[in-house]
Amino acid sequence: MILALDTSTPACTVALFAADGSLFASRDEVIGRGHAERLVPMIAELLDGRRPGAILVDCGPGSFTGVRVGLAAAHGLAIGWQVPLSGFSSLALLAATSGETEVAAALLGGHGEIFVQSFGGDPLAPLDALRSLAPEDAAGVIAADLVVGSGAAALVAARGCGRAVDSLPRAADANRLPVPLRALPARPIYGRPPDARPMT
């Protein structure tokens, strides 16, 4: 079995996949804050005594704290269970759920900016680099008609055209990612520099 975790957004989600890739069970809660307190109990409820043979974790971009919480839990469990650990991008996960041949993913990123990236092809692959931009700037570089994610409405409104689907990443959709997009190193994808900087 494979355990998937996603805490990069206001949602806290976990999923368990069978060896054939089918979804065995999942839990999804939109909690805003408090991932550190809720994640491990959710995992325990989901597993109910079972032990997975591998772990998948959302590496971001998204909430700095949420990304760190998910990665810390995933690394700790992987060490404790001595199982393989790999990562995926929250934007790729959103794109994989769209069913479109070309799609952009956009997540609210703070400071009035959104994380954006375009995807396409079969199998799905990134078409450009991850960026953190104001919606007005993103409107000038994102061409896909369909935009998915919590920042989709802001981008489509700034562009004046296209379709917006408001959604958050779900661990239960991780099996929709092609293998290369769920085999990333399990380290943070922050999308922009941290707000806190060392004093000079």
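Brief remarks follow.
- Ranked by how many other beta carbons lie within 10 Å on average, peptides 179-191, 91-103, 111-123 from highest: 91-103, 111-123, 179-191
- Calculated over region 48-200: convex hull of Cα atoms, volume per residue (Å³): 126
- Within region 3-49, all pairs of alpha-carbon atoms sorted by distance into 5 Å bins from zero give the percentages 5, 24, 32, 21, 12, 5, 1.
- Förster radius 41 Å - calculated FRET efficiency between Leu127 and Asp48 (Cβ-Cβ, nearest 0.05): 0.55
- Shape of region 72-120, Cα gyration tensor, a/c cut at 1.5: oblate
- Chain lengthening between Ala143 and Asp28 when straightened (0.36 nm per residue, less Cα-Cα): 38.3 nm
- Simple point charges give the picture: +1 on the Cβ of Lys and Arg, -1 on the Cβ of Asp and Glu, and for region 92-165 a dipole about the Cα centre of about 140 debye.
- Each of Ala183, Ala78, Ala15 was placed along the dipole of the chain (beta-carbon charges, centred on the mean Cα), and the one lying farthest toward the positive end is Ala78.
- The chain - charge dipole about Cα centre, Lys and Arg +1 at Cβ, Asp and Glu -1, debye rounded to 20: 500
- Considering only beta bridges that DSSP places wholly inside the chain, some 65 percent are antiparallel.
- In this calculation the C-beta distance from Glu136 to Ala72 is compared with R0 = 41 Å, giving a FRET efficiency of 0.70.
- Mean residue ellipticity (222 nm) of the chain, computed from DSSP H runs ≥ 4 via -39,500 (n - 2.57), nearest 500: -7500 deg cm²/dmol
- Hydrodynamic radius (Kirkwood) for region 13-137, which is based on Cα pairs only, to one decimal in Å: 16.0
- Region 22-93: Cα Rg divided by the 2.2 N^0.38 Å rule of thumb: 1.09
- Value of Rg/Rh across region 110-162 [Cα atoms, Kirkwood radius]: 0.95
All of the numbers you see were taken from the coordinates with simple rules; none came from a lab. Not measured: the values here are computed from a predicted model. For neighbour counting, all protein chains shown are included, and Cβ atoms are generated from backbone atoms with ideal geometry for every residue, glycine included.
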